[in-house]
Amino acid sequence: MTYEETAVDQTIDRLLSEHPDLDASADGSLDNLDQFHIGGADAVDLLIATLALADGDRVLDIGSGFGGPARQIARRTAHHVVGIDLTPAYIQAARALTAKTGLSDLVQFQLGDIAAFQPDPLFQAAITMHVQMNVHDKTTWFGHIADSLAPGARLAVWEVRRPRPADAHRGRLHPRHQLRHRRHQRHAGNLARILHQSRPEWKMLLISMEPGTR
């Protein structure tokens, strides 16, 4: 699946022009504009902690959208980040916003498919947020991500799941809602299985967050 929006950077310029006092380089000033995922900037902070970045590590953002997470990682850690996305308008917007925030020396964006991406050198860490839901062959897709990562690299995946309710509460749910809960409960397990199929040697740490938590 590829998004087909156009002229996104012009729309962003118009929105920013309506707030002339906004300092785009200030931490968090664009969080309501460039964080294209559930959880916003708080979610990115959670992923940063799992990346365990060391000196010299480079980070890859797969499906980078407007570039908010990539810029946030660079701001928080001073590490170099590369975002890759299939949508030309998103790449244009990401580059324009990065220039406005003064982070172009740390953050770059490339238009393309992770399947054809051949970075040199490889990355020591990567994130992907709400992207695999648009991918049919998830096992192959995660395999392509692995091909861009150095041995021992860390991959943080941000996806939505809902914990199964307590039995007593579940018993009061409409059957259709019970089925929905079970599907969400299985999602994390399915993701772990897909990752294992992509790269059996990967070690996985699955962190589950309750709705309403940070």
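Residues that are surrounded by fewer than 16 Cβ atoms within 10 Å (Cβ to Cβ), basic (K, R) and at pLDDT 90 or above within the range 138-175 are absent altogether. Evaluating I207 against the criteria (1) modelled with pLDDT under 90; (2) under 17 Å from the mean Cα position of the chain (by Cα); (3) more than 17 Å from L51 (Cα to Cα) leaves one unmet condition, (3).
Of all residues in the range 117-133, at least one satisfies being surrounded by 16 or more Cβ atoms within 10 Å (Cβ to Cβ) and in a helix (DSSP H, G or I). Contact annotation: residue pairs with Cβ atoms under 8 Å, 6 or more positions apart or on different chains, pairing a residue in the range 43-58 that is in a helix (DSSP H, G or I) with a partner that is surrounded by fewer than 20 Cβ atoms within 10 Å (Cβ to Cβ) and at pLDDT 95 or above, are I48/T77; L51/D57.
Within the set of pairs 6+ apart or on separate chains, which have a first residue in the range 136-149 that is farther than 18 Å from Q110 by Cβ, a second that is among the β-branched types (V, I, T) and outside any loop (DSSP other than H, G, I, E, B), and C-beta atoms under 6 Å apart? Sorted first by the residue in the range 136-149, then by its partner, the pairs are K138/I194; T139/I194.
The residue of the range 63-83 that is farthest from the chain's Cα centre (by Cα), among those that are surrounded by 24 or more Cβ atoms within 10 Å (Cβ to Cβ) and assigned to a strand (DSSP E or B), is V81. Applying a threshold of 8 Å to beta carbon distances and a minimum spacing of six or more residues, or different chains, the list of pairs starting in the range 117-129 at a residue that is without any contact (Cβ under 8 Å) to a residue 60 or more places away in the chain and ending at one that is assigned to a strand (DSSP E or B) reads F117/I84; F117/Q110; P119/L60; P119/V82; L122/L149; L122/A150; L122/A153.
The values are calculated or read from the model by the stated rules, or taken from the named source; none is laboratory data. Computed from a predicted structure; not experimentally measured. Because the Cβ atoms are built from the backbone with ideal geometry, glycine has one as well, and the counts that use them run over all protein chains shown.
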